[in-house]
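Below you'll find the structure, written out as structure tokens, and then a few comments.
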Amino acid sequence: MSTKSTWWDKLLKIVIAVASAVLGALGDLIVIHCSATRCDRSYTEHDLTTDHLRRGFSGAGYHFYIRKNGDIKTLRPLERPGAHARGYNAHSIGICYEGGLNHYGMPEDTRTEWQRHSLRVLVRTLLLDYPDARVAGHRDLSPDLNGNGEVEPMEWTKQCPCFEVKKEKW
């Protein structure tokens, strides 16, 4: 009986340690994205999910999607790793807002006031659960090519999310 109990206790401790490591690591990073769609066109959460399925994903890659009217759509449970930032998915939370391109199709901060508010509320709420998380734009995860410790505009591999995340007051 004591052998069984000892074995079970060890297994339980291992499961708890692994779960804590996985769940603890999830909130290391909150990554902000844009859908890279024109501000004068609608791009629903259904459209986004369909596009991600066509690219071979198992669903939408982001955990949350913020529509132009400020509605926050949950697309993926937080317990499930995202598919939004290669190399960072296992320990990050992905948030995407609808837009990011002006009516000419050029990168621009097209967030509506409702989107700005909803994004701020969502990030603040996530930071309550993950107080040590760093908030970054997708472009901020580009490689630091010149090795100066800062990812500069000339080093961005993409413009997403088309605004300076570091300047926001979360």
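Observations
- Count of region 62-74 residues which are open to solvent by less than 60 Å² (accessible area, probe 1.4 Å) and either aliphatic (A, V, I, L, M) or under 11 Å from the mean Cα position of the chain (by Cα) (or both): 5
- For residue 83: the one exception among (1) modelled with pLDDT of 95 or more; (2) touching a strand residue (DSSP E or B) at 6+ places or on another chain (Cβ under 9 Å); (3) closer than 21 Å to residue 159 by Cα: (1)
- For region 150-170, filtering for residues that are of a type outside the set (A, V, I, L, M, F, W, C), modelled with pLDDT under 90 and open to solvent by 60 Å² or more (accessible area, probe 1.4 Å) leaves 4.
Every residue, every condition in (1) open to solvent by 60 Å² or more (accessible area, probe 1.4 Å); (2) over 10 Å from the mean Cα position of the chain (by Cα); (3) hydrophobic (A, V, I, L, M, F, W, C), yes or no:
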{"site": "39", "(1), (2), (3)": "no, yes, yes"}
{"site": "46", "(1), (2), (3)": "yes, yes, no"}
{"site": "54", "(1), (2), (3)": "yes, yes, no"}
{"site": "60", "(1), (2), (3)": "no, yes, yes"}
{"site": "76", "(1), (2), (3)": "no, yes, no"}
{"site": "98", "(1), (2), (3)": "no, yes, no"}
{"site": "105", "(1), (2), (3)": "no, yes, no"}
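- Whichever residue in region 109-149 is closer than 23 Å to residue 90 by Cβ and free of Cβ contacts under 8 Å to residues at least 12 places away in the same chain and, among such residues, is most open to solvent (accessible area, probe 1.4 Å): 128
- Residues of region 127-159 classified as assigned to a helix (DSSP H, G or I), of a type in the set (A, V, I, L, M, F, W, C) and within 17 Å of residue 30 (Cα to Cα), total: 3
The values are calculated or read from the model by the stated rules, or taken from the named source; none is laboratory data. This structure is a prediction, so every number in the text was calculated from the model and none was measured. When we count neighbours, we look across all protein chains shown, and the Cβ atoms used for this are built from the backbone with ideal geometry, even at glycine. The accessibility values were calculated without ligands, DNA or RNA, using every heavy atom of the protein model including side chains. Shrake-Rupley method; radii C 1.70, N 1.55, O 1.52, S 1.80 Å.
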